[in-house]
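The values are calculated or read from the model by the stated rules, or taken from the named source; none is laboratory data. Remember, it's a predicted structure, so these values are computed and weren't measured experimentally. In this analysis, Cβ positions are derived from the backbone assuming ideal geometry, glycine residues included, and neighbour counts consider all displayed protein chains.
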Amino acid sequence: MYKKLASNTLAQIFSKVVTALIALILISVLTRTLPIEYFWAYNKIYNYFAIVAFLADLGLYTLMIREISAWKSTEKVLWNSLSLRVFLWVIVSIAALLLTLILPWFSSGIIFVASSFIAVFTILSLINSSFLAVMQAHMKIEYHFISFVWWKILHLLLILLFCFWIFSPEPLLDMRFISLFVAGLLSVMFTTYLNYRYVSRIVNVKFLLDFNYIKELFYTSLPYGAALFLSVVYFRIDILLLWFLEEDSLWNISIALYSLPMKIVEVLMVLWVFYLNSLLPRLTELYKKTDILWVQKIFSLSFKILFSFSLALYILSQLFASDIIQILAHSEYLSPTVHNYSSLDIFPLVFGILIFHFLALLYSYLLIASEKQSLLLKVHFFVTLINIVWNIILIPYFSFYGAAIVTLISQVFLLIILLFIVGRHCKITIPLLMQCFYSILLWVFLFYFYTGILTNFPLGVFLQVFIYWTIFAFIYGLWEYLISKKYIKSLI
């Protein structure tokens, strides 16, 4: 049972690893070719339209997978979701673009032009996610693997072309900035075409206006979409609050220093989203059959995998934080310039978010599979409220360090609340606690072992990252396999 899920997920994880590496290279290019105020503006626009995209998406991607997996017509789900998405995008994007002309931190011509490119980029991304939902539900994700990797490669190549060749002279800095958004639009147009060709092999692609079903889709997805929107708000509202609460001479530097580690974490966050999307059709089917025993088994192994993976990322981030920043950026991000904090200081907090984020996401998908996604709205509303209040309290005193603390606390609260809700409504218990304890023991050993190695046998930034990370991956992977192999075999 688990073998098909694992094989379908493998290609996705590999594609995400490849594209995560490309994304990290992209971060390095941006921090090295843009002045810090332009890097801040780039992140500001993307953070703003990330919120806009979630408003237009409304959680339809996950809902489409569940609807198709529940033996509903693929054509009906795809055609009507495309129509609903375009309708929502037109309303939301027009409002978002008009706000860029009014909001004081956006009111400039160059910001409006960049935002216009991002608005078109957003609708193409939403159409892409509809295509991906069909592939996901039909276990044909290998098609997306090809288009997704090529999308990221083309995006990186275009940015390298624009930043280091066409618009490299300093007087063309504004054009270089705009070209970053042009590169994103051209690359997403390419992958949209590829995904359209792939999905056309599964189902005919067109728009349909079945108003009764569109109404059903809208009201079914609204609670989950609102919960997703709130989750994006409490992940990104701190950027806007930093601008609002800090002095004019400090907020742009604070946002840039905060954005670097947060950007790295955002890249890593997507690594296991496709695994969970692969899990969703199977969990939906099992809940339809009321087979809670198999739900518990699959959930238990998934919990262990996500916990171990996020723990490994956390260890590496603490051991090699300075090396990562030097590879991706430059020394300015290591120097305490605002309230005596640098990007390096918030690495333990920001990467701690990953552990709780991955596990909270798993619990959220259980609620979706069991058709209890409406509970997520109440949870995320409460967590968002806590996030905003504590950001307002801590940012004036601790700047972006306070923002990082609040984001971590928000994720901890989210996981604790979801843990109790899932236990009550889905009858799922916390699994494999002893195996998780063994992972923590290994974490303690590797941390102190590597601390001694790095102190006594430094190899230089690039070399020690490559060699020591490879050894770490082998030791950690072998240990996790040995303590989990019996449980894995019981599911295959």
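For every residue, the table says whether it meets (1) crowded, with 19+ Cβ neighbours inside 10 Å; (2) at pLDDT 75 or above; (3) within 25 Å of ILE239 (Cα to Cα).
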residue	(1), (2), (3)
ALA6	no, no, no
GLN12	yes, no, no
LYS16	yes, no, no
LEU30	yes, yes, yes
SER69	yes, no, no
LYS72	no, no, no
Residue tally, condition among the polar types (S, T, N, Q) and touching a residue at least 40 places away in the same chain (Cβ under 8 Å), over region 434-477: 4
Filter pass, LEU126 being in contact with a Lys or Arg (Cβ under 6 Å, 6 or more places away or on another chain), under 29 Å from ALA41 (Cα atoms), assigned by TED's automatic domain parsing to the domain that holds GLU37 and at pLDDT 85 or above: yes
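So that you can scan it fast, the table gives a plain yes or no per residue for (1) outside the structural domain of TYR42 (by TED's automatic domain parsing); (2) of a type outside the set (Val, Ile, Thr); (3) surrounded by fewer than 19 Cβ atoms within 10 Å (Cβ to Cβ); (4) in contact with a helix residue (DSSP H, G or I) (Cβ under 7 Å, 6 or more places away or on another chain):
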| position | (1), (2), (3), (4) |
| --- | --- |
| LEU84 | no, yes, no, yes |
| PHE87 | no, yes, yes, no |
| ILE91 | no, no, yes, no |
| THR100 | no, no, no, yes |
| SER108 | no, yes, yes, no |
| VAL113 | no, no, yes, yes |
| VAL120 | no, no, yes, yes |
PHE49 being closer than 23 Å to LEU124 by Cα, buried (at least 20 other Cβ atoms within 10 Å of the Cβ) and at pLDDT 80 or above: yes
Top-ranked residue in region 452-485 [being surrounded by 15 or more Cβ atoms within 10 Å (Cβ to Cβ) and more than 30 Å from SER300 (Cβ to Cβ); ranked as modelled with the lowest pLDDT]: VAL461
Residue count, region 352-363 (criterion: free of Cβ contacts under 8 Å to residues at least 60 places away in the same chain and either charged (D, E, K, R) or closer than 23 Å to MET64 by Cβ (or both)): 2
Set SER322, SER300, SER278, SER317: member being part of a helix (DSSP H, G or I) and surrounded by 22 or more Cβ atoms within 10 Å (Cβ to Cβ): SER278
Neighbours by Cβ (under 7 Å, 6+ apart or cross-chain): first from region 227-242, closer than 16 Å to ILE405 by Cα and not assigned by TED's automatic domain parsing to the domain that holds SER399; second surrounded by fewer than 21 Cβ atoms within 10 Å (Cβ to Cβ) and of a type in the set (D, E, K, R): none
Evaluation of TRP151 against (1) more than 28 Å from the chain's Cα centre (by Cα); (2) at pLDDT below 85 (one fails), failing number: (1)
Filtered residues of region 212-231 (kept if aliphatic (A, V, I, L, M) and either surrounded by fewer than 19 Cβ atoms within 10 Å (Cβ to Cβ) or in contact with a strand residue (DSSP E or B) (Cβ under 7 Å, 6 or more places away or on another chain) (or both)): ILE214, LEU222
Lone qualifier among SER399, SER410, SER370, SER374 - being within 18 Å of the chain's Cα centre (by Cα) and not aromatic (Phe, Trp, Tyr): SER410
